[in-house]
Amino acid sequence: MAGNNRTAWNVRSSNVAKRAHNPIRQIVDKLKVDPQAQKSFISLSVGDPTVFGNFNVDQTANDAVTKQLNTFKHNGYSPAHGTVEARDAIARKFSVPEAPINANDIILTNGCSGALEICFSVLCNPGQNILLPRPGFSLYRSLAEVKEVEGRYYNLVPEKNWQVDLEQMESLIDNNTAAILVNNPSNPCGSVYPREHLEAILAVAAKHHVPIIADEIYCDLVFKGNTFYSMASLTQDVPILSVGGLAKKWLVPGWRIGWILIQDRHDVFNKEIREGLLNLSQVILGPNSVVQGALDDILHNTPQSFYDETIKQLEHNTNLSLEAVSKIDGLKPVTPQGAMYMMVGIDLEKFKDIESDVDFSSKLVAEENVLCLPGECFDYPNFIRIVITPPAGALTEAYERIAQFCARHRK
Ligand SMILES: Cc1ncc(COP(=O)(O)O)c(C=O)c1O
C-alpha cells in the first residue's frame, strides 16, 4: 500500500472540475448590470420563457400534478430511467408510423440537459470527436470539454437561414467521429430546417455511418409557413438519439423533465448502447416522480389552444422584433422561423467605438440597462442573440433603447 506523508491540508479541485465551465456565465458575469441605473432593467438574455409571466403553464399540467400529488403514490423512488407509465406516455406522444417507438425506447432524464449528458457519455470516449453546430447552444461545448471529447464545429450559414454547410461538415468526419449533433429548431438561431435539408444531413451521416444526437427540445415551436420534422421520421438507416423535454413546448423548464428517444430501425445501437444508456441513467436517479405521474395528462390532454397561443405570441414578438431591429442602422436581424430567439448581426464598421459583440453587449447594458448575450457565448462573434419571449411592451422599450444606443455610437 502506498504511504501517506501529508502533513498539512492541501485539497485541490479535480481535473474534471477544472475543465467544467459554462461559457455563458463566464462572459455574462463580466457584463456589469448597474443596480443604481435610472432605467429599468430589461433582460433579452434568458432562455426561460416563464420569467416575465406572459408565457404560462397550461392549467391541465398544473391540475395533473396536483392530482398526482394528492394520490400519495409518487413519493418514493421511481425506476431510474422512468416509470413504465411515464415512458409509455412519451412513446405514444412521439411514435409515428415511419419511426415507431415504445416504452422500452425511452429514458427519462433530468431535463433535456440530463438527456444530452447521457447521450454524450454513451457515444463518446475521451479522445474521440463530436460534430457540433456553430453557432450552437453552449452546453454542447461544455459537455465535450468535461468528457475530454473534441468538439468539431460545423458552420451554419446565416444567409441560408442557418442551414448547415454540408461540405464543410462532411470534411470534419474521420474514424474518430462519435456522433453528429443537430439542433432543430435551433437555439440560438431560431431556424427550422425544411425536410430536404434534414434529409441531406442524414445522407452525410448515413454515408459515413455516424449516429446522430437530435436535440429537438424546441419541437413544434415553429412559425407559419414552416414545419417541424423529427429527424427520426426521415430515415430508416441512421440511428438517432432524440432528446427533448417539457421545458419549452410545455413552458415548465423548472420541472426538470427530459427524455431520450432511442430511434433505431435496424438495431444498430444494439444491446451495448441500450445497456449503456440504462447504466448511465442509473448513476443518478431520474426526474421527480410526481411530474412523471402527471406526464400522461400533460402530454395527451393539454388543449391545442395552449400550443396555438404560445406560437401566436412568439410569432407576434418575432414580427415586432424584426420590424424594430431592421430599422436600426448597423444591425441586421436574421429572420427566425421558430424557437424563441433571434440572431442579429452587428456591422462593426458602422460604429466608432464598438470593438466586438462582447463590447456591444457590455456597453449596452452599462448605458441602457438592456442585456443581450453576445454571439461569443455561442462561438459566433459579431452577432448578438435576442430572446423574444419578454412581453411586447418590454421588447418595444428595449428596441427603442438599442436604437438610441446605436445612434450614439455610430460613426
Ligand atoms: C438547444 C437546447 N437544448 C437543451 C436545453 C436544455 O433544456 P433543459 O432545461 O430541459 O435542461 C436548452 C435550454 O435552453 C436548449 O436551448
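The values are calculated or read from the model by the stated rules, or taken from the named source; none is laboratory data. The model shown is predicted, which means the values in this text are computed figures rather than measured ones. Positions of Cβ are backbone-derived with ideal geometry, glycine not excepted, and every protein chain shown enters the neighbour counts. Accessible surface is based on the protein model in full, side chains and every heavy atom, while ligands, DNA and RNA are left aside. Shrake-Rupley method; radii C 1.70, N 1.55, O 1.52, S 1.80 Å.
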- Task: Those residues that are near the ligand (Cβ under 10 Å from one of its atoms) and open to solvent by 20 Å² or more (accessible area, probe 1.4 Å), I need them from the range 115-138; list them, please.
- Result: Glu117, Phe137
- Task: Kindly indicate whether any position in the range 278-286 is touching a strand residue (DSSP E or B) at 6+ places or on another chain (Cβ under 8 Å), away from the ligand (no atom under 16 Å from the Cβ) and open to solvent by 20 Å² or more (accessible area, probe 1.4 Å).
- Result: yes
- Query: Given the structure, is Asp215 under 20 Å from the mean Cα position of the chain (by Cα), within 16 Å of the ligand (Cβ to nearest atom) and open to solvent by 50 Å² or more (accessible area, probe 1.4 Å)?
  - Reply: no
- Query: Which condition number does Ser242 fail, the rest of (1) away from the ligand (no atom under 16 Å from the Cβ); (2) in contact (Cβ under 8 Å) with a residue 12 or more places away in the chain being met?
  - Reply: (1)
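Across the range 252-271, which residue is most open to solvent (accessible area, probe 1.4 Å) among those that are of a type outside the set (A, V, I, L, M, F, W, C) and within 12 Å of the ligand (Cβ to nearest atom)?
The residue in question is Arg256.
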- Yes or no: Arg274 outside any strand (DSSP E or B), free of Cβ contacts under 8 Å to residues at least 24 places away in the same chain, away from the ligand (no atom under 15 Å from the Cβ) and not β-branched (Val, Ile, Thr)? yes
- Determine the pairs where a residue that is assigned by TED's automatic domain parsing to the domain that holds Ser78 and under 11 Å from Leu280 (Cβ atoms), located within the range 108-132, has a partner that is within 11 Å of the ligand (Cβ to nearest atom) and open to solvent by 10 Å² or more (accessible area, probe 1.4 Å) with Cβ atoms under 8 Å apart, the partner being 6 or more residues away or on another chain. Thr109/Glu117; Gly114/Arg256; Glu117/Leu143; Phe120/Leu143
- Query: Restricting attention to the range 326-343, and to residues there that are farther than 22 Å from Pro194 by Cα and in contact with a strand residue (DSSP E or B) (Cβ under 7 Å, 6 or more places away or on another chain), which single residue is surrounded by the most Cβ atoms within 10 Å (Cβ to Cβ)?
  - Reply: Leu331
- Search the range 10-26 for residues that are not assigned by TED's automatic domain parsing to the domain that holds Arg141 and pair each with any residue that is among the small types (Gly, Ala, Ser) and in a helix (DSSP H, G or I) when their beta-carbon atoms are under 6 Å apart and the residues are at least 6 apart or on different chains. Asn22/Ser142; Pro23/Ser138; Ile24/Ser138
- Query: Looking only at residues in the range 307-325 that are within 20 Å of the chain's Cα centre (by Cα) and of a type in the set (A, V, I, L, M, F, W, C), which one is surrounded by the fewest Cβ atoms within 10 Å (Cβ to Cβ)?
  - Reply: Ile311
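Does Asn301 meet the test of being open to solvent by 40 Å² or more (accessible area, probe 1.4 Å), over 21 Å from the mean Cα position of the chain (by Cα) and free of Cβ contacts under 8 Å to residues at least 12 places away in the same chain?
no
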- Task: Count, please, the residues in the range 227-251 that happen to be open to solvent by 10 Å² or more (accessible area, probe 1.4 Å), under 18 Å from the mean Cα position of the chain (by Cα), farther than 19 Å from Asn56 by Cα and not polar (S, T, N, Q).
- Result: 2
- Message: Regarding the range 82-104, can at least one residue be identified that is under 20 Å from Glu272 (Cα atoms), open to solvent by less than 50 Å² (accessible area, probe 1.4 Å) and touching a Phe, Trp or Tyr at 6+ places or on another chain (Cβ under 7 Å)?
- Response: yes
- Query: For the range 139-165, what are the residues that are open to solvent by 50 Å² or more (accessible area, probe 1.4 Å) and part of a helix (DSSP H, G or I)?
  - Reply: Arg141, Glu145, Glu159, Lys160
- Note on the structure: Residue set Val65, Val46, Val96, Val57; condition under 22 Å from the mean Cα position of the chain (by Cα) and within 20 Å of Ile298 (Cβ to Cβ); output residue Val57
- Item | Criterion (open to solvent by less than 10 Å² (accessible area, probe 1.4 Å) and out of contact with any strand residue (DSSP E or B) (no Cβ under 7 Å at 6 or more places or on another chain)) met by exactly one of Leu395, Leu373 | Leu395
